Amino acid sequence: MDENTLLTQLEELAHSLGIEVRYEPIQKAGSFSPGGFCQLKGEYLVILNSTATKEDQIETLAKGVNRFDLTQVYLRPGLRELLDHFSK
């Protein structure tokens with residue numbers, strides 16, 4: 001499965017879980033951050049660095065959605081495999 005498809009599927013999953021996904025340029029002096037998961041005013045949010053590679057964006061978003069119970073959620077096999085990889 002290509003990176004664009006994985007990222008799209010992760011975004012759809014995040015939205016179905018009530019997680020807002022934002023792409024914003026993140027500049028941190030002296031280092032790089034691909035983004036992260038947070039809770040803001042009671043709402044779940046994943047901020048992805050718009051300048052990060054697709055691979056970094058996928059990893060960051062996968063780690064964010066893995067914080068939720070996905071046992072009762074239908075996931076395509078490739079997506080389930082990816083999420084299992086990042087849950088370790």
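Residues of segment 42-88 being part of a helix (DSSP H, G or I), over 17 Å from residue 4 (Cβ atoms) and either in contact with a helix residue (DSSP H, G or I) (Cβ under 6 Å, 6 or more places away or on another chain) or among the basic types (Lys, Arg) (or both), which ones?
Listed by number, the residues that qualify are 63, 65, 80, 83, 86.
Filter segment 38-88 down to the residues that are over 14 Å from residue 19 (Cβ atoms), crowded, with 18+ Cβ neighbours inside 10 Å and hydrophobic (A, V, I, L, M, F, W, C) and list them by number.
52, 58, 79, 82
Name the residues in segment 1-21 that are within 17 Å of residue 69 (Cβ to Cβ) and part of a helix (DSSP H, G or I), would you? Steps first, please.
Here is the first cut: in segment 1-21, the ones within 17 Å of residue 69 (Cβ to Cβ) are 10, 13-19.
Hits for segment 1-21 are 10, 13, 14, 15, 16.
Only one of these conditions is not met by residue 56: (1) under 11 Å from the mean Cα position of the chain (by Cα); (2) free of Cβ contacts under 8 Å to residues at least 12 places away in the same chain. Which number is it?
Failing condition for residue 56: (2).
Is it the case that residue 30 is more than 25 Å from residue 72 (Cα to Cα), surrounded by 10 or more Cβ atoms within 10 Å (Cβ to Cβ) and at pLDDT below 95?
No.
Can you pull out every residue in segment 1-31 that is without any contact (Cβ under 8 Å) to a residue 24 or more places away in the chain and either touching a Leu at 6+ places or on another chain (Cβ under 8 Å) or of a type in the set (Asp, Glu) (or both)?
Across segment 1-31, the qualifying residues are 2, 12.
If you go through segment 22-41 one residue at a time, how many are more than 15 Å from the chain's Cα centre (by Cα) and part of a loop (DSSP other than H, G, I, E, B)? If you could, list the steps in order and put the result at the bottom.
Of segment 22-41, the ones more than 15 Å from the chain's Cα centre (by Cα) are 25-32, 40-41.
Now drop any that are not part of a loop (DSSP other than H, G, I, E, B), which leaves 25-27, 29-30, 32, 41.
So the count comes out to 7.
The values are calculated or read from the model by the stated rules, or taken from the named source; none is laboratory data. Everything numeric here is computed off the predicted structure, so don't read it as measured data. Heads up, the Cβs are rebuilt from the backbone with ideal geometry, glycines too, and the neighbour counts pull from every protein chain shown.
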